[in-house]
1. Of Ala246, Ser58, Ala107, which is farthest on the positive side of the dipole of the stretch 38-351, counting Cα position, with +1 on Lys and Arg Cβ, -1 on Asp and Glu Cβ, and the Cα centre as origin?
2. If you take the charge dipole of the stretch 38-351 about its Cα centre, with +1 on Lys and Arg Cβ and -1 on Asp and Glu Cβ, which of Tyr75, Gly48, Gly153 is farthest toward its positive end?
3. Using the Cα centre as the reference, give the magnitude of the dipole from point charges on the C-beta atoms of the stretch 38-351 (Lys, Arg: +1; Asp, Glu: -1; all else neutral), rounded to the nearest 20 debye.
4. With point charges of +1 on the Cβ of Lys and Arg and -1 on the Cβ of Asp and Glu, referenced to the Cα centre of the stretch 38-351, which listed residue (Ser97, Pro331, Gln199) lies farthest in the positive direction of the dipole?
5. Over 18 Å apart: what share of the alpha carbon pairs of the stretch 192-322 falls there, rounded to a whole percent?
6. With charges set only on the Cβ (+1 for Lys and Arg, -1 for Asp and Glu), what does the dipole of the stretch 222-341 come to about its Cα centre, in debye to the nearest 20?
7. Hey, what does the equivalent ellipsoid look like for the stretch 90-221, semi-axes from the Cα gyration tensor as sqrt of 5 times each eigenvalue, largest first, whole Å?
8. How big is the Rg/Rh ratio for the stretch 277-354, C-alpha atoms only, Rh by Kirkwood, two decimals?
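Derivation of every value follows stated rules applied to the coordinates shown; laboratory data play no part. Remember, it's a predicted structure, so these values are computed and weren't measured experimentally. Using ideal geometry, Cβ is built from the backbone for each residue, glycine included, and neighbour counts are taken over all protein chains shown.
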Amino acid sequence: MKPVLVLLVLGLALGACGSTAGSTPTAPGAPQTPVEPDPLRAAAAAAGKRIGAAVQASYLTDPRFSAVFARHFDYVTAEYEMKWDPIERTRGSEDFSGGDAIASYAAAHGMQVKGHALVWHQALPSWVGSLPADDLRTEFERHVRSVASHYRGRVAAWDVVNEAIDDSGAGLRDTLFRQKLGDRYIADAFRIAHDADPQALLFYNDYSGEGLGAKSDAIYELVKGLLTQGVPIDGVGLQMHVRAGAPPTDDAVASNMRRLAALGLRVNISEMDVRVGDIGGATPANLDRQRAVYHSLVALCVAEPACHGVTFWGFTDAHSWIYGAYGADAPLLFDAQYAAKPAFYGVLDALMRR
């Protein structure tokens with residue numbers, strides 16, 4: 001064989017085998033195995049914060065959902081199963097199975113639980129609305145006591161009263177509870193919950209009060225008044241359902257957090273999602289804008305000592321209440337295939353103070 005031909009054959013053989021023994025060449029354009037992103041819960045712990053998501057019990061049986069959830073979060077909120085309607089659809093017959101499943105999952109995966117919500121004017125059993133005032137008082141007190149007692153020692157915190165301020169900020173929302181029990185129902189709920197579980201942190205939770213304005217002023221006055229009365233309240237949940245095109249300003253949110261902290265209260269971001277439908281959907285540019293909003297608002301919590309954690313209202317676009325309320329959108333940290341979005345990295349960078 002001619003020398004040139006020998007060299008050619010050897011070159012082809014080496015090229016087919018690769019230059020390193022045992023290596024497997026990658027064809028041009030072949031899909032690469034995605035790199036697993038760093039866990040959010042480790043970054044949050046380093047920042048001294050809790051990082052959480054709302055879930056429903058049925059989602060936890062999905063291995064893919066469970067794997068991503070357990071890797072990244074250390075704080076879980078029951079999105080639905082700890083509300084009055086799923087617990088007691090029939091008067092006098094309580095079913096804690098959904099909430100128990102969430103609490104058991106959390107215990108098995110080193111997570112804390114935030115219960116949601118003991119008193120809310122929605123998600124009520126149909127029979128509650130027809131009760132006369134005296135009967136409603138009895139059932140209201142029994143419900144709060146029963147649920148808080150059932151989860152005593154398994155729930156680290158409760159949203160005790162949810163969304164009691166009118167959207168205008170003019171005062172309390174005119175709910176069934178206010179109509180039949182009077183304004184005192186809020187203070188009563190906190191006192192009963194504290195008696196039932198003295199170790200749990202107790203929060204008031206609401207939306208559209210994240211920055212400064214009439215509604216956040218009303219929330220501030222409500223919780224300040226509760227403290228003046230000696231009511232056992234530990235903090236305020238700022239829901240943070242925001243739009244990428246018009247988020248609250250950093251200065252306004254920081255100022256609101258500081259004034260609540262000055263009352264001696266904790267604050268948390270309790271139900272965060274960032275809609276992109278208002279700016280034209282999930283285009284690359286809009287997802288980058290979403291990332292910036294997530295980063296900015298989570299960074300405010302990291303910087304505020306009184307902010308003890310951030311909870312997202314879900315974590316994958318495969319499961320979000322936004323679809324039912326606002327149509328198609330992509331509001332969360334992972335897409336519907338559980339791939340981390342730019343928003344995820346915005347949160348990670350904020351937790352790591354980058």
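1. Ala107
2. Positive-end residue among those listed: Gly48.
3. Dipole of the stretch 38-351, to the nearest 20 debye: 460 debye.
4. Working it through, the farthest residue towards the positive pole turns out to be Gln199.
5. Working: 4672 of 8515 pairs.
Value for the stretch 192-322 (Cα pairs over 18 Å): 55 percent.
6. Working: 9 positive and 11 negative charges, 57 e Å.
Its charge dipole is roughly 280 debye.
7. Details: eigenvalues 123, 84, 31 Å².
One finds semi-axes of 25, 20, 13 Å for the stretch 90-221.
8. Working: Rg = 12.7 Å, Rh = 13.0 Å.
We get a ratio of 0.98 for the stretch 277-354.
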